[in-house]
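The values are calculated or read from the model by the stated rules, or taken from the named source; none is laboratory data. Fair warning: this is a prediction, and the values are worked out from it, not measured in the lab. We place every Cβ from the backbone using ideal geometry, glycine too, and count neighbours over all the protein chains shown.
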Amino acid sequence: MNNTTGEHQSGGPLLQAEGIHKSFGSGRNSINVLQGIDIVVERGEMIAIVGESGSGKTTLLQILGTLDLPSAGTITFDGQQLAKLREKDLSRHRNQNVGFIFQFHHLLPEFTALENVMIPGMIQGLDKDELIGRAKTLLEQVNLAHRLHHRSGELSGGEQQRVALARALAMRPTLLLADEPTGNLDSKSGQLVFDLLKDMSRDRGLSVVMVTHNQSLARVLDRCLTLKDGLLTT
């Protein structure tokens, strides 16, 4: 399957989700969070998703990244229906094709910045020297060449989030899913992370879906969608 080996088709949207429903609980206790989401993500496109807390933005992002399964609906990535993949192929898809960055960086505290960025490639069994080279290059691109051998506790919040961004790009994904990536940062650090994200999307042709409460950031992306009452609107 092409998209689980890092090869990508040349035509059509990168990701298409149709009729996505998500419910939690059962019977009278069932809560319908997503109620028929349709979304198309073009190659190289940056999309913001905004909405009130509890509206299901994070749930939608997790479903698009196959960290969670929809109750109903289909997701097609690079021409491949993801529901048809076995679990090990889904894991490979997440590792190779999708990068994740969250509000909280989730760096491993016992590892250095360089080692944290190397982790996705280590999981995939890539050559160590190649991984070191990739990680150094990415950390240089996020202006952390001087912090390669510092552990996460020795980095500021903004530096930690930049390491997380570098880690998300380590496997050269075509899709980046960002859940409030600047939400835990001061305005200056948040703007720096956001600018780096935009630059890397442009330079790499990377598609980005970003959940954010920051309306000023959302407005400068290619599209801004609002999640309300379980549906997406423009």
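The condition (being aliphatic (A, V, I, L, M) and touching a residue at least 24 places away in the same chain (Cβ under 8 Å)) is satisfied by just one residue among 31, 49: 49.
For the condition under 15 Å from the mean Cα position of the chain (by Cα), crowded, with 19+ Cβ neighbours inside 10 Å and at pLDDT 90 or above, what is the one hit in 61, 34? It is 61. Yes or no: residue 43 part of a loop (DSSP other than H, G, I, E, B), basic (Lys, Arg) and within 18 Å of residue 168 (Cα to Cα)? Yes, satisfied. If the condition is being buried (at least 18 other Cβ atoms within 10 Å of the Cβ) and assigned to a loop (DSSP other than H, G, I, E, B), then segment 104-127 contributes 105, 107.
Determine if segment 64-87 includes at least one residue that is in contact with an Asp or Glu (Cβ under 7 Å, 6 or more places away or on another chain), at pLDDT 85 or above and either within 27 Å of residue 215 (Cα to Cα) or not aromatic (Phe, Trp, Tyr) (or both). There is at least one residue in segment 64-87 that is in contact with an Asp or Glu (Cβ under 7 Å, 6 or more places away or on another chain), at pLDDT 85 or above and either within 27 Å of residue 215 (Cα to Cα) or not aromatic (Phe, Trp, Tyr) (or both). Here segment 4-31 is the region considered, the condition is being at pLDDT below 80 and charged (D, E, K, R), and the residue that is nearest to residue 227 (Cα to Cα) is 28. For segment 143-150, check the following and say yes or no: at least one residue is closer than 26 Å to residue 62 by Cβ, of a type outside the set (Val, Ile, Thr) and loosely packed, with under 14 Cβ neighbours inside 10 Å. Within segment 143-150 (the criterion being closer than 26 Å to residue 62 by Cβ, of a type outside the set (Val, Ile, Thr) and loosely packed, with under 14 Cβ neighbours inside 10 Å), the answer is no, since none of the residues qualifies.
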